[in-house]
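To keep things clear, I will list the structure first and then write my remarks on it.
Throughout, read-outs are computed from the coordinates displayed, never taken from laboratory work. Source: prediction; values computed, not measured. Positions of Cβ are backbone-derived with ideal geometry, glycine not excepted, and every protein chain shown enters the neighbour counts.
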Amino acid sequence: MDETLIHCVDDLENETPDVVLDVVFPNGEIVQAGVNLRPYAIQALQEANKKYQVVVYTASHKFYADVVLDYLDPKRELIHHRLYRDSCF
């Protein structure tokens with residue numbers, strides 16, 4: 001996910017991301033994450049869906065990744081499976 005479909009913006013004060021998303025940590029803390037969409041990311045997902053089941057893997061935590069993936073695919077039509085950091089052993 002990261003660096004393939006999106007790029008996370010580290011410095012919201014000095015950079016303007018495509019979108020700012022609220023990420024809720026397990027302890028209830030809310031952090032704003034700036035995200036830039038890679039050019040043609042949505043179109044690439046749409047094209048891949050014509051022939052394939054799309055699985056997205058991220059080394060990120062589920063609580064962050066789901067916010068980003070829900071933004072990219074709000075109807076859950078483009079991404080069929082999601083794998084997160086804890087999916088690896």
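Applying the criteria of a DSSP loop state and at most 11 other Cβ atoms within 10 Å to the chymotrypsin sites (Phe, Trp or Tyr not before Pro) of region 39-69 yields Tyr40, Tyr52. When you filter the GluC sites (Glu not before Pro) in the chain for DSSP loop state and at most 13 other Cβ atoms inside 10 Å of their Cβ, you are left with Glu3, Glu13, Glu15, Glu29, Glu77. Principal axis analysis of the Cα atoms in the chain yields extents of 40, 31, 23 Å, listed in decreasing size. Of the residues Tyr52, Phe63, Ile42, the one whose Cα sits farthest toward the positive end of the charge dipole of the chain, with +1 on the Cβ of Lys and Arg and -1 on the Cβ of Asp and Glu, is Tyr52.
Once the Cβ-Cβ distance of Val19 and Glu47 is raised to the sixth power relative to R0 = 25 Å, the FRET efficiency obtained is 0.70. For Tyr57, the residues whose modelled amide H falls within less than 5 Å of its own, excluding neighbours fewer than 5 places apart on the same chain, are Leu83. In this Cβ point-charge picture (+1 for Lys and Arg, -1 for Asp and Glu), the chain has a dipole of about 640 debye about its Cα centre. In terms of overall dimensions, the C-alpha atoms belonging to region 1-45 reach 35, 25, 14 Å along their principal axes, ordered largest to smallest. From the alpha carbon centroid of region 26-59 to that of region 63-89 is 7 Å.
The DSSP beta bridges internal to the chain are antiparallel in roughly 70% of cases.
With everything on Cα atoms, drop me the angle between helix 62-72 and the longest principal axis of the chain, reported from 0 to 90° to the nearest 10. That helix lies at roughly 60 degrees to the long axis.
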